[in-house]
Amino acid sequence: MFSPLDLGFTTLSNRVMMGSMHTGLEEVDKTGERIAAFYGARAKGGVSLIVTGGVSPNLEGGTGMPGEEAGFGRLDNDAAIPTHRKVTDAVHKYDSKILLQILHTGRYSFAPNLVAPSPIQAPISPHKPREMSEKDIEHTIADFANCAKRAQKAGYDGVEIMGSEGYLINQFLAVRTNQRDDDWGGSFANRIKFPLQIVEKTRQIVGKNFIIMFRLSMIDLVEGGSSWPEVVALAKKLEKAGVTLLNTGIGWHEARVPTIAQAAPRTAWAWVTKAMKQEVSIPVIACNRFNMPEQIEDVLAAGDADMVSMARPFLADADFVAKSRQGNAETINTCIACNQACLDHIFSMKTCSCLVNPRACHETIYAMGKTSNPQNIAVVGAGPAGMSMAAEAADWGHRVTLFEASDRLGGQLNIARNIPGKNEFDETVRYFTNRLHRANVETKLGKFVSADELSKGYDHVVLATGVLPRSPDIEGIDHPKVMTYLDALTGAKPVGKRVAIIGAGGIGFDTAEFLLHDPATQNMSIPAFQTKWGIDQNWGTDEAGEKAGLAARPSPPMPSRQIYLLQRGDKFGRTLGKTTGWIHKAEMKLGGVKMLGNVTYEKIDAQGLYIRVEDAAQVLEVDTIVICAGQVSNDALRKKLENNGVMVHLIGGADEAGELDAKRAILQGMKLAGAIA
C-alpha cells in the first residue's frame, strides 16, 4: 500500500488514489476556495493521487446543473484556468498529485441540448439526445484534447479520460447506444475510434511527461454492452495510444446491479481488475467498495491490481492514508456506502457531504477550533447524535459527560447493524468509540440519569435520547402476534413464517429485508452476491448476443418467510435514498414480498390482519404483525430540566421524530458543539 509507483517520468508516493466524484462544489463555488480546501485536506492526509470531479470539455458535455456555466465545472476556455490553479496549488503543497477528470455525459446530461452517438434516450434521463454529426464528433475529440492542454496549464499532473459508467465514450463503445451506420458505428473497429482518437490527440498535445489515465468500463452490466474480448482489445489499443494508467469502471448508471452501495460486499469487483491486469503491462487500478486499509493491502499483495481507488472513503476521512500509515486504522472514520449525503445529494442538486463526516465539502464552513470558555456539558443518549455532539464538544475543549442507559454505545445504530448490508455501521460505532476515548469524554454506560442529577454542575444538557416506536390506532393492536420493529430486529420476540409489516417507509423495507433470510446469511459473500444479482464472472453470452457480465437471470436465495409490506398510500419507499431506493425495491421483488398500497387497517385478531384495499375487504392470515408506523420523540426529561432552569438542547430523534436519520443526527451534534464553542 505504501510502495511508490514509478510511472517512468514521475513517481506516485503510494498506491492509494482518491477517485473522481462530483461534489456539487463545482457549481456553487465561484472562486475555487472551497474546492481547494476540500482537495487540499485530502492531499495533506497522504493520498498520492487525486482525481477531480468530472469537468466538461464543452457546453454539451455538462450535467446541465444550475450554475454550471461558471466556475469549476467546465474547462473549455482559458478564463477558468486561475480557478483550477488554486486547486492544484493546494494539492501540490503536499506529496500528492492531481488529475483533472474530463467527463462528457452524453445522453446522461440533465440539459435539454444533450448529444449522443445515436438518438436513444437513457432510462434515467428526462431528455432524448440529438445524434452527433461527424463534425460534432471531430469537434468533441478536439475539445477533449484542448481541455487536457488547459489542465496542463492549470498545473494538473495529468487527466483522467472518463470512458465508463455509461457516459459518452462508453455510449460510443456499446451497440446498446451506438446504432450508427457510418465510420463511427457498426463494427467494433469503428466503435472504438472515438476513444482512441481522443487519447491519441490528447497525448499529442500534452507531450510525454503528463499522466493520461483512462477509466475503462470493464464490465457494463447492461444488455448490449461490451464483451470481455472487446474490453481487452480496447485496453491494449489504449495502452499503445499512450495511456499511462488504466482505471476500472464498473457498470453503467442505468444497470440494475448494485455496484457501490452497501448491498455490494467489500472488494466485490476486484476480480474484474485482476482479469485485466493479466492483459496489459501498464498499471491497473481497482475500485468500488474498498473502505479499509486491510482490503487495499490484500488486493495489492495478491498482485490483483497495482493501485486502489476510493472516492467516498475520502469524504468520510480526509486522513485515511495518514492514519493507515501510522498503524491507526481503528481511528479511521469509515465510509459506510450509504450514499445518503453524497450521491443522493448530488442527484438532488445539493452540495455533497458525508453522513459520518458532515465537514466533508464544508471545510471552510465548519472549521474546527478551540473554545476560550470551556463548559461542563452533559449529553444524554449515545446514539449517532449524542456521540457526535460529545466527541465534537470535547474536541473543542469542553468537559463532557456522556450518559447511556444501555450497556453499549451506538443507540439506534445497534439496531441498524442487524439489517443485511448495514453491518458497515459496526465501523461507525467503532470510530466514535475510539474518538470519544481519545477526546477524554467521560462515558457512563448502563446509567439512567435523572433530571435532578442533570440539574447539578452542568452548564448545558444535551438530550439525544432518540425515538420510540409509534403505535397506530387499530383494533386489536395489543394482540400477542403484534410486535414493534425493535422486537423483530433485536430478536426480543419470535417472528412467524407469515408476516405482515404495517408501514413501508425505510424502516419497513429494512425490517422486510431482515426477515427475508436467516441471520446466518445476512452478510453476503461475493459469490452469493453474484448469484443473487445475476452477475457472470465469464461475462456471459446468450443466443441474443453479449450480456456484458449479466447472467441469464438472478438467482436469489429462497426466502425464509412470506412477507406482506403494507402502507396507507400508494408510493412505496417514499423516504428511501434517491440512488439506493431501487435496490431496496429490487430486494423486495427478489424475496417475493407482496406489496399492498392504499390499505385501510380494520382490526387484528387470532385469524390475522383485517384490511381493506380500495374497498375490497380481505384477511391476511399471518402469524406475526410488525409495526413500522413511525416514531415519537423520547424527550421525557425536557420539561423537568427546563423547570429546573437548566439550559437544554435537543438533537437527533429527541428533537425531530420521523424516519430514523443518522445523517441529520450527526450533523446536528457537530453543529451544536460548534455553536456552544
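The values are calculated or read from the model by the stated rules, or taken from the named source; none is laboratory data. This is a predicted model, so every value here is computed, not measured. All Cβ positions, even for glycine, are placed from backbone atoms using ideal geometry, and neighbour counts span all protein chains on display.
What's the total number of residues in segment 629-677 that are within 29 Å of the chain's Cα centre (by Cα), part of a helix (DSSP H, G or I) and surrounded by 15 or more Cβ atoms within 10 Å (Cβ to Cβ)?
Matching residues across segment 629-677 total 16.
Among what's in segment 559-603 and is crowded, with 20+ Cβ neighbours inside 10 Å and over 27 Å from the mean Cα position of the chain (by Cα), pick the residue that is farthest from E254 (Cα to Cα).
The selected residue is Y601.
Among the residues of segment 434-464, which ones are hydroxyl-bearing (S, T, Y) and either in contact with a Lys or Arg (Cβ under 9 Å, 6 or more places away or on another chain) or more than 22 Å from N414 (Cα to Cα) (or both)?
Once the filter is applied, which keeps residues that are hydroxyl-bearing (S, T, Y) and either in contact with a Lys or Arg (Cβ under 9 Å, 6 or more places away or on another chain) or more than 22 Å from N414 (Cα to Cα) (or both), segment 434-464 yields S450, S455, Y458.
Can you tell me which of (1) farther than 15 Å from A382 by Cα; (2) part of a loop (DSSP other than H, G, I, E, B); (3) without any contact (Cβ under 8 Å) to a residue 60 or more places away in the chain is the one G410 doesn't meet?
Only one criterion in (1) farther than 15 Å from A382 by Cα; (2) part of a loop (DSSP other than H, G, I, E, B); (3) without any contact (Cβ under 8 Å) to a residue 60 or more places away in the chain is unmet by G410, namely (1).
Which of the residues belonging to segment 137-160 are in contact (Cβ under 8 Å) with a residue 60 or more places away in the chain and β-branched (V, I, T)?
T140, I141, V159
I'd like the residue in segment 113-136 that is touching a residue at least 12 places away in the same chain (Cβ under 8 Å) and assigned to a helix (DSSP H, G or I) and, out of all such residues, is surrounded by the fewest Cβ atoms within 10 Å (Cβ to Cβ).
Restricting to residues being touching a residue at least 12 places away in the same chain (Cβ under 8 Å) and assigned to a helix (DSSP H, G or I), the top hit is E134.
Quick one: which of R266, R289, R312 is charged (D, E, K, R), touching a helix residue (DSSP H, G or I) at 6+ places or on another chain (Cβ under 7 Å) and closer than 27 Å to N339 by Cα?
After applying the criteria, what remains is R266.
Looking only at segment 147-196, filter to residues that are β-branched (V, I, T) and more than 30 Å from Y94 (Cβ to Cβ); which one of those is surrounded by the most Cβ atoms within 10 Å (Cβ to Cβ)?
The selected residue is I169.
Somewhere in segment 291-305, is a residue touching a Gly at 6+ places or on another chain (Cβ under 7 Å) and either farther than 29 Å from V199 by Cβ or free of Cβ contacts under 8 Å to residues at least 60 places away in the same chain (or both)?
no
I need the full set of residues from segment 131-149 which are under 20 Å from I211 (Cβ atoms) and either modelled with pLDDT under 95 or not β-branched (V, I, T) (or both), in order please.
Selection gives D143, F144, A145, N146, C147, A148, K149.
Being in contact with a strand residue (DSSP E or B) (Cβ under 7 Å, 6 or more places away or on another chain) and small (G, A, S) narrows it down to one of G466, G446, G421, G457, so name that one.
G457
Give me the pairs, please: first residue somewhere in segment 276-289 and under 12 Å from M218 (Cβ atoms), second residue anywhere and crowded, with 17+ Cβ neighbours inside 10 Å and acidic (D, E), beta-carbon distance under 8 Å, and either six or more positions apart or on two chains.
These pairs meet every condition: K277/D304; K277/D306; V280/E239; V284/D306; I285/D306; A286/D304.
What's the number of the condition Q179 fails, among (1) part of a helix (DSSP H, G or I); (2) out of contact with any Lys or Arg (no Cβ under 9 Å at 6 or more places or on another chain); (3) touching a residue at least 60 places away in the same chain (Cβ under 8 Å)?
Result: Q179 fails condition (1) only.
Scan segment 453-472 and report the pairs whose first residue is on the phi > 0 side of the Ramachandran plot and in contact (Cβ under 8 Å) with a residue 60 or more places away in the chain and whose second residue is small (G, A, S) and in a loop (DSSP other than H, G, I, E, B), with Cβ atoms within less than 8 Å and a gap of 6+ or a chain change.
Short answer, once both residue conditions are applied: G466/G381; G466/G383; G466/G411.
Taking I625 as the residue in question, decide whether it is touching a Leu at 6+ places or on another chain (Cβ under 8 Å), assigned to a strand (DSSP E or B), closer than 30 Å to R417 by Cα and not assigned by TED's automatic domain parsing to the domain that holds G383.
It is true that I625 is touching a Leu at 6+ places or on another chain (Cβ under 8 Å), assigned to a strand (DSSP E or B), closer than 30 Å to R417 by Cα and not assigned by TED's automatic domain parsing to the domain that holds G383.
Would you check which residues across segment 367-409 are within 31 Å of the chain's Cα centre (by Cα), farther than 13 Å from K444 by Cα and at pLDDT 95 or above and list them?
G383, P384, A385, S388, M389, A391, E392, A393, A394, D395, W396
Among the helices (runs of 4 or more DSSP H) contained in segment 1-112, which hold 2 or more residues that are at pLDDT 95 or above?
Of the helices (runs of 4 or more DSSP H) lying wholly inside segment 1-112, those with at least 2 residues that are at pLDDT 95 or above span 33-44, 81-92.
In the set E230, E254, which member is more than 20 Å from the chain's Cα centre (by Cα) and in contact (Cβ under 8 Å) with a residue 40 or more places away in the chain?
None of the other options fit; the residue is E230.
So, in segment 302-337, how many residues would count as being more than 16 Å from R430 (Cα to Cα), assigned to a helix (DSSP H, G or I) and touching a strand residue (DSSP E or B) at 6+ places or on another chain (Cβ under 8 Å)?
Going through segment 302-337 one residue at a time, the tally reaches 2.
Return the only residue of V495, V467 being out of contact with any Cys (no Cβ under 6 Å at 6 or more places or on another chain), of a type in the set (A, V, I, L, M) and at pLDDT 95 or above.
V495
Scan segment 317-341 residue by residue and report those that are more than 19 Å from T433 (Cβ to Cβ) and within 21 Å of the chain's Cα centre (by Cα).
Residues satisfying the conditions are A318, V321, A337, C338, N339, Q340, A341.
What's the total number of residues in segment 146-194 that are within 31 Å of the chain's Cα centre (by Cα) and among the small types (G, A, S)?
Summing the residues that are within 31 Å of the chain's Cα centre (by Cα) and among the small types (G, A, S) in segment 146-194 gives 9.
Being more than 30 Å from G491 (Cα to Cα), touching a residue at least 24 places away in the same chain (Cβ under 8 Å), out of contact with any Pro (no Cβ under 9 Å at 6 or more places or on another chain) and in the same structural domain as H649 (by TED's automatic domain parsing) narrows it down to one residue among A393, A360, A382, A405; which is it?
Every option except A393 fails the conditions.
All but one of (1) in a helix (DSSP H, G or I); (2) among the hydrophobic types (A, V, I, L, M, F, W, C); (3) touching a residue at least 40 places away in the same chain (Cβ under 8 Å) hold for L355; which doesn't?
Of everything listed in (1) in a helix (DSSP H, G or I); (2) among the hydrophobic types (A, V, I, L, M, F, W, C); (3) touching a residue at least 40 places away in the same chain (Cβ under 8 Å), L355 misses just condition (1).
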